Each structure stands twice: as structure tokens, then as C-alpha cells.
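All remarks here apply to the structure that follows.
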Amino acid sequence: MNLWLAVASDKPAVHLTAQTRIIAAVIALGFMGMILELIRRNSLQERYSIVWFVAGLAMLVGAAFPGLLTFAADVMGVRDTNVALFSIILLLLLGLALNFSVIMSRQAAQITRLAQERAIEKAREQAATGNGGSAPARTEEPPTQAPRRH
Amino acid sequence: MAPDLHGRIGGVMRILVFIPAWNEEGTVGEVIAGVRERLPDADILVVDDGSTDRTAVAARKAGALVASLPFNQGLGAALQTGYLYALRQGYDLCAHLDADGQHPPAEVARLIDEVRADRADLVIGSRYRDPGQAESDDYQPTFSRRIGTSVFRFFLTLATRQRFTDTTSGMRAANRRVMELFSVNYSPDFAEIESLQLAVREGLRVEEVPVRMLERVGGSSFLTPLRSAFFIFKGLIVLLVGQFRPSRSAEAER
């Protein structure tokens, strides 16, 4: 009836080749080495490195035990292990990117507050020297002879 | 620090008028002079939002205090700076108006009177004199602004169950309860509309007072049709999310 489906399901599952596994393992090791180097050079903070280490380790484990990937592909209902691998990586990267946006938002809020605090401090200094702002009728501090700077 | 609103025995209320300004060197001095004339008892603070021109110098020359943000942070952050300053310096009331000369200082004085009389915590100056009628003699909004205004008016009224005619008005007066709320909680992205929703949700008394507004003296509106659409879209998301935000007062009661 549905010829294409019948043929498709007869196709053997596609697995990772030995060559792919070796390349993946080498890349994973290189990747983790790079992270260590970045930490050593203070280019990457430890707290942001953990997630990358986990990613590198996962890559290594995936290369060493291809059975895990085949199992994951079966669970996902994907015949081609490579497609399963790509899907998993894609989802992880999506999560990471979102994580960065969250961190970025937090830092943007912190930067804003920092800028505000600094601006307020400057205005306070100006108010303390009686150099503008206050209504002429009322002065809290005795008017100091600070020169108006402009 | 000055005594707070309720702890005072007699004496005058301390008032801060702050003016968010971004590259408004041409008009800010005039606005300051106008405020000083109408509100001789108020302190005046210009929040210079990372201007690249001589806004801060012009403001100081006109005799205002200047809080300069080191880089442009957007209107919301600038307004929050004003609220934060008012709160920290112990002002009883604060008000803000735009630096481009659209807001007559006499009208700001009327808003302050409303708060001073304790008829409301937050008073908004509405440029639409007669609710439901979008034009006035002095102020002619552009087409895209009119659409945006009606959309926001509708959804904000829906969200707060309170009638608002001018949701994006930058002329407001507030007391210390509002300062406390806005100095912590003020969206940098969509300050005007979300702040209204927030204030109503927190149980503050928000009131609109019809005011006269003028055509801008200097500068130009940042609204192009495309930007307006984006502006409206962003505003709707902010309102939607705001409805599901936990209320601070509700948390405190728990």
C-alpha cells in the first residue's frame, strides 16, 4: 500500500563510523584543552566553564560508547544515528544560547544600576556643594564658596 | 535625611522635579527656567541619559542638579534614576517632565498639587483633554501615534480595569510610595505603560489629570511607522507578561 514506508523501514539503521568516532574524540579532547587554556589565561571564568566541560565530556563519551547514541536514536524514533546526534546538539546549543541571554539580561540590569548609582552620587556631590538645583529660598548646607564650574 | 511623609510635623514638603534629557542642549535650559519660575520651591534635577552633546553643561548653567548616566540607557532607566534620587534624598514629592519643551511647567505644578493634596499617589498628565477625543487645540498627534495610543489605551484599561487616556505621557507627579516602587521595579524597555500597570496592581491610587501640551520645540519624534509597530508589539508583550507577574504586596502578605 504505502510502498515508500515499507522500503524505508527495511533499511538498516545508520551508525557512526569508526572514523567519525575518532575525529569526534580528538575534537572533544582538543576542546577541553582549549577550555583549560582559556581559564589559565583568565579569559574564561570557572563558573562559565563548567557547562562547556560537560559538553566536551559528553562528546568524548559519545565517541567512546556509540551504543549510547544508538539507544538515544531508538528512543527518539530516528533511524539515522547522525540525525539523532545533530538534534541533541542543536537542542543543547539552543539551551545554552538562552542561558546566555538570561546572564546578559542580569548583567544589563546590573550595569544600569551601577550607572544610576554613579549618576546619583555625582548629583549628590553637586547638591552638597550648593552648586545648583536647590531652590534659592532654602539652603540646607551653608552656602560654600565653591566655584561654579563651567 | 528628611522626615518621611507621615512623620512630619508641619513644615514644607520637599519637592524634586526631574527632567530626563538625551541630547536636548537646545531646550533643556528653557525648560529648567520655566520650572523654576512656576515651582520656585522645587529642586530641579536633570537626568542626562548619556548625551553626546552639551546637555549636562546647559543644565548646570541653568542652575539644575545634573545626574549624568555614563552611557545612554533609555528613558526608563533615566526616569528610574530620578525616582531613586528622590527616594534617597528624602523628597516628599517628585514630578518629571520631558526636556523637549512639550510640557508646560504650569501643568506640572497642577499635577504636584493633586499629589500634595493626597488625592492620588501617582498623577499622570493626559494630553487628551476630553477622554475619547483624541485632539486638542495645542497638540496634534501624528497618525501612527494615534493608533498606538488607542491600542495601548484599550489594553491598559483592560489590564488595570481603570480608564487611561494617555498611556505614554511623560509628565507625572508622585509621592514616596511610588518612589519606593519605581526605584526597585521599573522596566527599562517599556517604562511608561508598564509602570502604570504596576502601580495599579500594587494598589496605588493612579489618577489622570487633563493637561495642555505643546508641539515639541526641538528634536524630532523617534516614531516612524515601522518603529511604531514594533513599539506597539513590545508594549503588548510587556502588558501580557505584567499580568502574570507576582505582585509585591501579595508576596509581602504571605
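Relative contact order for segment A:10-127: 27 percent, from Cα pairs under 8 Å spaced at least 6 residues apart, divided by residue count.
Taking Lys and Arg as +1 and Asp and Glu as -1, the other residues whose beta-carbon sits under 15 Å from that of A:F53 total 0. Ordered from largest to smallest accessible area (heavy atoms of protein chains, 1.4 Å probe), the residues A:E37, B:E37 come out as B:E37, A:E37. Listed peptides B:15-24, A:74-83, B:167-176 appear in the order B:15-24, B:167-176, A:74-83 once ranked by packing, highest mean of other Cβ atoms within 10 Å at the front.
Approximating the spin labels as points 7 Å out from Cα along Cα→Cβ, the A:V75-to-A:F100 distance works out to 2.7 nm. Largest first, the residues B:V209, B:V241, B:V184 sort by 1.4 Å accessible area into B:V184, B:V241, B:V209.
The values are calculated or read from the model by the stated rules, or taken from the named source; none is laboratory data. Small disclaimer: the values here were computed from a predicted structure and weren't measured. Note: ideal-geometry Cβ built from the backbone for every residue, glycine included; neighbour counts use all protein chains shown. What goes into the accessible areas is simple: the full protein's heavy atoms, side chains included, and nothing from ligands, DNA or RNA. Shrake-Rupley method; radii C 1.70, N 1.55, O 1.52, S 1.80 Å.
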